[in-house]
1. Which residue pairs have Cβ atoms closer than 6 Å, lie 6 or more positions apart in sequence or on different chains, and pair a first residue in segment 236-259 that is touching a residue at least 12 places away in the same chain (Cβ under 8 Å) with a second residue that is part of a helix (DSSP H, G or I) and open to solvent by 40 Å² or more (accessible area, probe 1.4 Å)?
2. Does E606 satisfy the condition of being under 29 Å from T460 (Cβ atoms) and in a strand (DSSP E or B)?
3. I'm trying to understand the selection: among the residues of segment 461-485, which are at pLDDT 70 or above and open to solvent by 60 Å² or more (accessible area, probe 1.4 Å)?
4. Out of all the residues in segment 126-142, is one or more surrounded by fewer than 23 Cβ atoms within 10 Å (Cβ to Cβ), free of Cβ contacts under 8 Å to residues at least 40 places away in the same chain, closer than 23 Å to I164 by Cβ and in contact with a Pro (Cβ under 6 Å, 6 or more places away or on another chain)?
5. So in segment 563-574, with the set limited to residues that are buried (at least 17 other Cβ atoms within 10 Å of the Cβ) and either of a type in the set (A, V, I, L, M) or modelled with pLDDT under 90 (or both), which one is farthest from I608 (Cα to Cα)?
6. Quick check on this structure: which one of G119, G86 is at pLDDT 95 or above, within 37 Å of the chain's Cα centre (by Cα), part of a helix (DSSP H, G or I) and crowded, with 20+ Cβ neighbours inside 10 Å?
7. So, in segment 398-429, of the ones that are at pLDDT 75 or above and of a type in the set (V, I, T), which residue ends up farthest from G488 (Cα to Cα)?
Amino acid sequence: MYCCVHLFVKKIAVDKKKMLVSLAFLFIASLLKAQPVFMEQHAMDSLQYIIALNKQDSNEVHAFYLLSRGNTLSNTSKSVEMGNKGLDLARKIKFPIGELECLEALSFSYAITSSFEKGFSTAYASMDLSKKYAPVREIFGINMMGLLYQKLGDDKEALKWAQIAYYHPNIKQADNFTQWSAMFLLAQEHERQNNLDSSKHFALETLDYSKRYFPFQEDYPMLILARVNSKLKKYDEAVSYGMQALDATKKTNEIFFANEVENELATIYFNANKPDSTKKYAGLALHNATQLKNYLVIANSSNLLSLFFEKTDPAKAYTYLKISTAAYDTVTNVEKTRQVKQLEIKEKQRVDDLHLAEKSAQDQLRFNTTAGLFLSALVISIILYRNNRNKQKVNLSLQDKNDKIERTVQELNTTQASLLVRNAENELLLKEIHHRVKNNLEVVSSLLALQSNQVQDENTREAMLEGQNRVQSIGIVHQKLYQGTNLGAIEMKDYFINLSESILDSFGAEKRVTIECAMDRIDVDIDTAVPLGLIVNELLTNTLKYAFPQGHPGKVMIKLQKQTNGALHLEVSDNGIGKSGITHGTGFGGQLVSLLTQQLSGSMREEITNGTHIYFEFKPIKAA
């Protein structure tokens, strides 16, 4: 990810003076850039020679540190080995700056290899040490905290640490690479959380900074700008940035990053409705991702190819669909492991904080108890010796009660911690179940779509499309459950918007028919959401089929209101031709709406005035 500083040492120094000059050259160069340093073999030989002298001094610590940084990107195990040896020696000879350097090198290597527990430990230690000996270097440790949380998948925590680094009062005194890392991490996290204006601002700032100091790193902010413009539907600008990033990777030979750029270009072309370019870059991304075992790219690129061949070659489309589903399952398992690890780290940190607070409280309790006993004994000794024994008995009784209270508090804290962990695990498993159900329903929907392409009879194909839309309406419910924060309820406005877009897409009516959801935020439980979704699905399907004949444009309005007594009022209306008096279709949709209305203990009525208006009244529902 980071460009290299090529250091050249012409020969291995023999005498001490030349050796120190070589070491100073390497050390100063690394501090100027503060990056993982790529070194020529003769430079590494010089450092190995210093270590072989076994002087046990600060020069040897610097040599270990530089070898650790020099192997960060090429040989992480070697980097960790050198960093730990330098750390042990720095602590042995009481050299705090050398200890700080080795902690920084180790935290970077642990972050790259996703060794989270060790990464957090060394990052915290480097921040504590820098506050005492080198306050400006604290920002490096803050950046490492953001990078570690990003690799864990906790974007909120990553954004928090990135903001702390970027707005640190000493940021302008930090080295160029530390400043670059802070602004780049901030651009990344804003894009991940769809803060597009902020992401674009920081990405442009990072790109300008790269051009001035790190020209081989321009491709990273370019990829962020490509993603931001794609989300803003500025596809020409997105393609431009993507192509520039891809060209830049050819100069640095960053194969893994190039694969990410190919995948992003395929997605941009797909969103821009350019099938030939989508096929080209999706195929290229899939080929390279398979070799690199990049499962996220495999899942996305194969899914794009499945959609590309959906109508022209159903067998090939199904083959790509299976590849995509398998890759998504692999990614889901990895993500689940990362989330569990994240819970473990946070729980460990919380338990450590509890232990620290408990120790502080015990120390304070001991101090207060000792002071009280001393004063009591002094007063009692002055007043009357006889009462001294009785006071001592009372104090002992109080101490025993305090011990019992402390034991009870400790037991309650342990039980609470266990329940919190168990609850978090149960929520994670429930989200996984909803995710699996949603994936399975998508497979069913895709199979129906593939099968309908082979059917010649128009009525049969129409029935299969309606079945596909019903499955999709249920699938969206499960998608909202695992994506949301409340596993027991669905936010209906956002759900109806997604359902409407899906149905419009299936009928190809996005440009001539608009659907508006005129309602406030309403949360309902899943047992109510699924029937409501199916009812609205049937009504929208019927409207698109019959209300606007011969391609006429039109408008559909969906309203859902919750009355003060908890009852629901649903209205679906259109400005189409109104009731024609002719019964259309098989009648299955109407029967389904009637049965679902009865299931929700509701009633339905219809009005034909300037279009069709259908009203539903449902009895009070369970609070979500």
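1. What qualifies is T252/F216; F256/L292; N259/L292.
2. Considered against the rule, which asks whether it is under 29 Å from T460 (Cβ atoms) and in a strand (DSSP E or B), E606 comes out as yes.
3. The one that is at pLDDT 70 or above and open to solvent by 60 Å² or more (accessible area, probe 1.4 Å): R461.
4. Yes, segment 126-142 has at least one match.
5. Here the residue is L568.
6. Working: G119 fails: at pLDDT 95 or above.
When all the criteria are applied, what remains is G86.
7. The extreme case among them is I405.
Results for (1) more than 14 Å from I142 (Cβ to Cβ); (2) aromatic (F, W, Y); (3) touching a residue at least 12 places away in the same chain (Cβ under 8 Å), shown as yes or no for each residue.
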| position | (1), (2), (3) |
| --- | --- |
| T178 | no, no, yes |
| E191 | yes, no, yes |
| L196 | yes, no, yes |
| A203 | yes, no, yes |
| L207 | yes, no, yes |
| K211 | yes, no, no |
| F214 | yes, yes, yes |
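The values are calculated or read from the model by the stated rules, or taken from the named source; none is laboratory data. As the structure is a prediction and not an experimental result, all values here were calculated from the model. Cβ: placed from backbone, ideal geometry, glycine included. Neighbour counts: every protein chain shown. Just the protein is used for accessible areas: all its heavy atoms, side chains included, with ligands, DNA and RNA removed. Shrake-Rupley method; radii C 1.70, N 1.55, O 1.52, S 1.80 Å.
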